[in-house]
Amino acid sequence: MADTFQERRRNLRVPFVTQVKIEPLDGSGVVITETSKDISMQGIYCFTENPLPKGTRCLIEIMLTGTSSELKLKIEGHVIRSDSQGMALYFDVLELDSFIHLKNILYYNSGDPERIDRETGCFGPQADG
């Protein structure tokens, strides 16, 4: 059986539609605001007609809106792949607050919080022997 990209994924992805601002770190000043399709602990897929080249390092701002507030997760990442519908962004650097919010998004949207715990276990407190 062929080894496809889907089969190689280790992290659970959940559907998650929100606004995402993508700013390349090359100093070009280009800012793209797009809509996401899904998200995992390691990345996000965004629909776009103008994907950035593979390998482009960027600042990713994921907009979270609630009934009374707005929050932005700021994450450093890079374009890992592009296709005819958009591009996949890999998360390289997450601050602790962004990590916690991201984990909660996946926790509440996955239907499998135990899997999210397993995926992020290396970041949490370790149990003694």
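All of the numbers you see were taken from the coordinates with simple rules; none came from a lab. This one's a predicted model, so the numbers in the text were calculated from it and none came from an experiment. For neighbour counting, all protein chains shown are included, and Cβ atoms are generated from backbone atoms with ideal geometry for every residue, glycine included.
Loop sites only, by DSSP: take the GluC sites (Glu not before Pro) in the chain that have at most 12 other C-beta atoms within 10 Å and name the longest stretch containing none of them.
1-48
With each run of n ≥ 4 DSSP H residues scored as -39500 (n - 2.57), what mean residue ellipticity at 222 nm is computed for the chain after dividing by its residue count and rounding to the nearest 500 deg cm²/dmol?
Roughly -6000 deg cm²/dmol at 222 nm, from the helical runs in the chain.
List the lysines whose Cα sits under 23 Å from the Cα of residue 72, skipping any in the same chain fewer than 8 residues away.
List returned: 21, 37, 103.
Residues with beta-carbon under 12 Å from that of residue 113, excluding residue 113: net charge, scoring Lys, Arg +1 and Asp, Glu -1?
Residues close to residue 113 contribute a combined charge of -1.
With Cβ to Cβ distances under 12 Å as the rule, what net charge do the other residues near residue 82 carry (K, R +1; D, E -1)?
That works out to 0.
Please provide three numbers in whole Å: the alpha-carbon extents of the range 11-114 along the principal axes, with the largest listed first.
For the range 11-114, the Cα extents along the three principal axes come out at 37, 27, 23 Å.
Using DSSP loop states and a limit of at most 12 other Cβ atoms within 10 Å to flag trypsin sites (Lys or Arg not before Pro), what is the longest stretch of the chain containing no flagged site?
Result, exposed sites excluded: 55-129.
I'd like the orientation of helix 96-110 relative to the chain: the angle between its Cα long axis and the longest Cα principal axis, in ° from 0 to 90, rounded to 10.
For 96-110 against the chain, the angle is about 80 degrees.
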